[in-house]
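A short worksheet on the structure shown next.
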Amino acid sequence: MAAPDLLDPKSATHNTKPRLSFSTKPITLNPREESEVVATVMKWKTVSAIFLLVVLYLVMGAAVFRSLEQPHESAQRLAILSQKLEFLSRHSCVNQSQLEELVKQVVSAIRSGVNPAGTLNNHSSLWDLSSAFFFAGTVITTIGFGNISPHTEGGRIFCIVYALLGIPLFGFLLAGVGDQLGTIFGKGIARVEMFVQWDISQTKIRVISTLLFVLFGCLLFVALPAAIFKHIEGWSALESLYFVVITLTTIGFGDFVAGGSDIEYLDYYKPVVWFWILVGLAYFAAILSMIGDWLRVISKRTKEEVGEIRAHAAEWTANVSAEFKETRRRVSVEIYDKFQRAASIKRKLSSELGLSPASELTLPKKTVSVNFNEEQERERGEKEAGLHGLTTPLAKNGGLFLNGLDPERGDISIIEHLK
Amino acid sequence: MVSRSADVRKRVKGDMHSVSRSWLLLTGFILFYVIYLLLGALVFSSIERPVEDRLKSDMEALKQGFLNQSCVNATALEQFLRKVLTANKYGVSVLRNSSTSSNWDLASSMFFANTLVTTVGYGHNTPLSDAGKAFSILYALIGVPFTMLVLTACVQRLMYPLVYAPVGVLQRTGMDPRPATAVHFTLLMVLVMLCFFVAPAAVFSAVEVSWSFLDAIYFCFISLCTIGLGDYVPGEQPGQKYRPVYKVAIMVYLFVGLMMMYLLLRTFHRMADLHGLTNFLQLPHCEEAELDDDREPIIEDEPERQSPASPRLTEEGATKPLEPGSQPSYNTINKG
């Protein structure tokens, strides 16, 4: 069996064992067959298993984050507290409550997007057309940075309605772009397959081309933008990479936002960033769906293997028990037969002794009527069950043949050949 | 033989026609999307800008007032404010009451991991250290598809009692399939809105002191669509009672709510399939239809080899517009 193609989910499902598929054309519930019931039961187990895994994953992540971040947080806290104390001590006419009040106001202003640090004379607003465009984009793609957010009631209500309509719209767009990406990719692969003269299996070609796709995409959509951001925004390399990943998976924390700092940006910077987000999202969606497909193929394969092992074990036990039953039956038949023969010989002898020794013993004919299919199947089954050695003397050798009593079951019926 | 080549030719022509049609549709979508964004930008701008200007002038007045009545000079104040704001960006507040609870205790870290993995990403507290950032990248890259897989699996399991069974019941009472699905979808939507928007919003507006009911609904919506702006995050008030339990409860709510949104979306997709919309707009079908296709491997093999729409890398695109991070496809790791 050729190795299932990891990349093509369709072929992966082709190569799986008996598929439990549901007919869903009419939406009515079809009378469920046994197999369907089994499938839903199994899925429940898989679901709970995966769910447990996710919970474990979360707990593990929480523990790691805590160990990594808490020291930093305490350090920050100490630093800012000492700053506050220093400020208060240096400027003795300010008392603590006044300062706290100011800070509270400042913080809430920040949350509204107004930055009181620095001169407030610069005329750049957070809600000029290009920034609002950017914000609308972050809402629709569900990235949701949060460095800008609506603060009026009207703004919020509009945001809800806007998102309700815009998110599906963007979803369709993304589907279209992703499809085109996939098409281009597939066409490229087909061309490569045509040109490649070497004897490489199709699977290998697909694997290699997927790797190339991933690498090339990473270069184009991750590494290059990260370098650009590092240069323009002045972030470190890790911060740029962090921003790219957080944005393209639509997590969108908002601690780093391209175009969100107080730098003089070129006019076309923000639209280009938006376009990059669109295509990058499609790329990331492709990658993540591939990862998901692989995970599913892996889980399916392990399920299959477990299923295969179980099937083997069941078959083996069935064979063994069948063989034992058969043997028992044959032995009992043989004993009965021998008894009958002994009785008839005794009768003959007694009649001969009593009458005349002229009659000859005719050699019983050796007729073999074999049900070939049965024998082959049984042989195969015996082979698999490893019981081959056990049954050959009974079934085949010239010495011993058994009377099959039940021709309906297709047993081998062979008349005994007296040696 | 002749008929077969004619068939092939017809199919190729049909393919070409559909290919050009798909390009047309795509450009149409992009144009529409750009227009939609522009419209949104205009509206947001006109609503929010005056408020922002007013806030700016308020801030300026506050600063001036502070500076006037004290001995602090402007530069010292600016420096101090800058430092406060940097600390605040990372969730460290300089105000008096918040020195006890940490942002990175186990419950909050788990909440953070959850927002990372469901791609909501509030951003009210973010990793400070470089190691934390690097770990977030790795964690997200693995955790996001994983979560999507779980959610999809759960939703598939839930479809039977919540969708197929009721629709079956409706059909048995004599309705046609199409109206039955439409009726069921509206009912489901109303139910989800009541249970996952209105009710939790009431709870949140009661527990969180500074939130109004509208704020709470806004929060629920922004979270369940995984936009996660982060301007409202529950459980962040200083002196919050039972904070760990509260945070875990919010996590559960987010997860289940997300699942229900998925379910809604899938039901809608099935309905659109049934009504022929997906065919018309050339969008990917709901994947159960594809399972039926898989049953004819022999026939499909040839055209599959030739047609370039190969590995359905991003096929599920449409099925996930709403949810998790709108990574439409990976959200719909629907093949399972």
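The values are calculated or read from the model by the stated rules, or taken from the named source; none is laboratory data. Small disclaimer: the values here were computed from a predicted structure and weren't measured. Here the Cβ positions follow ideal geometry from the backbone for every residue, glycine too, while neighbour counts run over all protein chains shown.
Okay, residues lined up against (1) at the interface with chain B (Cβ under 7 Å from one of its Cβ atoms); (2) closer than 23 Å to B:ASN103 by Cβ; (3) crowded, with 19+ Cβ neighbours inside 10 Å; (4) modelled with pLDDT of 80 or more:
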residue	(1), (2), (3), (4)
A:VAL103	yes, yes, yes, yes
A:SER124	no, no, no, no
A:THR138	no, no, yes, yes
A:THR142	yes, no, yes, yes
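Against the condition surrounded by fewer than 20 Cβ atoms within 10 Å (Cβ to Cβ) and either touching a strand residue (DSSP E or B) at 6+ places or on another chain (Cβ under 6 Å) or free of Cβ contacts under 8 Å to residues at least 60 places away in the same chain (or both), how does A:PRO225 come out, does it pass? The answer is no for A:PRO225.
The single residue among B:SER210, B:SER205, B:SER223 that is under 23 Å from A:SER149 (Cα atoms) and more than 23 Å from the chain's Cα centre (by Cα) turns out to be B:SER210.
Matching residues to (1) within 12 Å of chain A (Cβ to nearest Cβ); (2) surrounded by fewer than 21 Cβ atoms within 10 Å (Cβ to Cβ); (3) out of contact with any strand residue (DSSP E or B) (no Cβ under 7 Å at 6 or more places or on another chain):
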residue: B:SER210; (1), (2), (3): yes, yes, yes
residue: B:ASP215; (1), (2), (3): yes, yes, yes
residue: B:ILE227; (1), (2), (3): yes, no, yes
residue: B:VAL233; (1), (2), (3): yes, no, yes
residue: B:TYR246; (1), (2), (3): no, yes, yes
residue: B:GLY276; (1), (2), (3): no, yes, yes
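The set of residues from the range A:206-243 being polar (S, T, N, Q) and in a helix (DSSP H, G or I) comprises A:SER209, A:THR210, A:SER240.
Which residues, taken from the range B:232-247, are at pLDDT below 85 and not basic (Lys, Arg)?
B:GLY235, B:GLU236, B:GLN237, B:PRO238, B:GLY239, B:GLN240, B:TYR242, B:PRO244
Just one of A:ALA132, A:ALA163 is surrounded by fewer than 24 Cβ atoms within 10 Å (Cβ to Cβ) and either facing another protein chain (nearest Cβ under 7 Å) or touching a residue at least 12 places away in the same chain (Cβ under 8 Å) (or both); which is it? Talk me through it step by step, then tell me what you get.
Working: A:ALA132 fails: surrounded by fewer than 24 Cβ atoms within 10 Å (Cβ to Cβ).
From the options A:ALA132, A:ALA163, the qualifying one is A:ALA163.
Beta carbons closer than 7 Å, at least 6 apart along the sequence or on distinct chains, pair a first residue in the range B:247-261 that is over 12 Å from A:LEU58 (Cβ atoms) with a second that is of a type in the set (D, E, K, R) for B:LEU258/B:GLU323; B:MET261/B:GLU323.
Conditions tested, residue by residue: (1) crowded, with 23+ Cβ neighbours inside 10 Å; (2) more than 7 Å from chain A (Cβ to nearest Cβ); (3) at pLDDT 80 or above; (4) touching a helix residue (DSSP H, G or I) at 6+ places or on another chain (Cβ under 9 Å).
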position	(1), (2), (3), (4)
B:ALA74	no, yes, no, yes
B:LEU77	no, yes, no, yes
B:PHE80	yes, no, no, yes
B:SER93	no, yes, no, yes
B:TRP104	yes, no, no, yes
B:THR115	yes, yes, yes, yes
B:ILE137	no, no, yes, yes
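Specify the residue that is nearest to A:GLY234 (Cα to Cα); the eligible residues are those in the range A:252-277 that are in contact with a Ser or Thr (Cβ under 7 Å, 6 or more places away or on another chain) and in a helix (DSSP H, G or I). Among those that are in contact with a Ser or Thr (Cβ under 7 Å, 6 or more places away or on another chain) and in a helix (DSSP H, G or I), it is A:LYS270. Within the bounds of the range A:190-211, is there any residue that is facing chain B (nearest Cβ under 7 Å) and at pLDDT below 85? Yes, the conditions are met somewhere in the range A:190-211.
Listed conditions (1) buried (at least 17 other Cβ atoms within 10 Å of the Cβ); (2) facing chain A (nearest Cβ under 9 Å); (3) over 22 Å from A:GLY171 (Cα atoms) are all met by B:ARG172, apart from (1).
Of the residues A:LEU56, A:LEU68, the single one that is touching a Ser or Thr at 6+ places or on another chain (Cβ under 7 Å), of a type outside the set (D, E, K, R) and within 30 Å of B:LEU151 (Cβ to Cβ) is A:LEU68. Of the residues A:SER351, A:SER356, the single one that is modelled with pLDDT under 75 and farther than 30 Å from B:SER129 by Cα is A:SER356.
Sub-6 Å Cβ pairs linking a first residue in the range B:195-221 that is under 10 Å from B:TYR232 (Cα atoms) to a second residue that is small (Gly, Ala, Ser), at least 6 apart or interchain, are B:TRP211/B:SER205; B:ALA216/B:ALA201; B:ALA216/B:SER205; B:CYS220/B:ALA201, ordered by first then second residue.
Among the residues of the range B:177-208, just one is of a type in the set (Ser, Thr, Tyr) and surrounded by 19 or more Cβ atoms within 10 Å (Cβ to Cβ), namely B:THR181. Taken as a whole, the condition of being in contact (Cβ under 8 Å) with a residue 24 or more places away in the chain and either in contact with a strand residue (DSSP E or B) (Cβ under 6 Å, 6 or more places away or on another chain) or within 7 Å of chain A (Cβ to nearest Cβ) (or both) does not apply to B:LEU188.
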